[in-house]
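To keep things clear, I will list the structure first and then write my remarks on it.
The values are calculated or read from the model by the stated rules, or taken from the named source; none is laboratory data. The structure displayed is predicted, hence computed values, not measured ones. FYI the Cβ positions are ideal-geometry reconstructions off the backbone, even for glycines, and counts take in every protein chain you see.
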Amino acid sequence: MPPPKQQQAPEAEPLPTPSYPAIESFIEGATAEEVQSLFNPIKEGLDTLKGPKAEQGKKIQAALSSAEELLGILLETREHLIAENKGGKGRK
């Protein structure tokens, strides 16, 4: 009696790479002031929340602060890379 064949699981299809063209295009040309102006109206709206929604608002504000900080780091890195590229300090 031949040994039973082992069934192979079908290969999973690779997941698509997430793409956020609106965010990417904003980051490519944004300044620190534009990033700040993007978040200010949202923060002001969250400050007006009362009651049970105020707790959710605090969590959202914390998340927005993290996102704002990360965008700031991205902008600094972009400016640093542009300055480095213009300075001709590339690898040889």
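Residues in the range 43-68 that are more than 24 Å from ALA32 (Cα to Cα) and not small (Gly, Ala, Ser): THR48, LEU49, LYS50, PRO52, LYS53, GLU55, GLN56. Taking the criterion of being part of a loop (DSSP other than H, G, I, E, B), among the β-branched types (Val, Ile, Thr) and in contact (Cβ under 8 Å) with a residue 12 or more places away in the chain, the only residue of the range 8-41 that qualifies is THR31. Among the criteria (1) touching a Gly at 6+ places or on another chain (Cβ under 8 Å); (2) at pLDDT 90 or above; (3) not polar (S, T, N, Q), the one ALA32 does not fulfil is (2).
Being within 22 Å of the chain's Cα centre (by Cα) and over 21 Å from PHE26 (Cβ atoms) is the filter here, so list the residues in the range 47-60 that pass it. Once the filter is applied, which keeps residues that are within 22 Å of the chain's Cα centre (by Cα) and over 21 Å from PHE26 (Cβ atoms), the range 47-60 yields GLN56, GLY57, LYS58, LYS59. Residues in the range 23-62 that are under 21 Å from LEU74 (Cα atoms) and of a type in the set (Gly, Ala, Ser): SER25, GLY29, ALA30, ALA32, SER37, ALA62. Would you mind stating whether GLU44 is within 22 Å of ALA62 (Cα to Cα), surrounded by 10 or more Cβ atoms within 10 Å (Cβ to Cβ) and at pLDDT 80 or above? Considered against the rule, which asks whether it is within 22 Å of ALA62 (Cα to Cα), surrounded by 10 or more Cβ atoms within 10 Å (Cβ to Cβ) and at pLDDT 80 or above, GLU44 comes out as no. For the range 69-78, the criterion of a residue being of a type in the set (D, E, K, R), part of a helix (DSSP H, G or I), touching a residue at least 24 places away in the same chain (Cβ under 8 Å) and surrounded by 10 or more Cβ atoms within 10 Å (Cβ to Cβ) is satisfied by at least one position.
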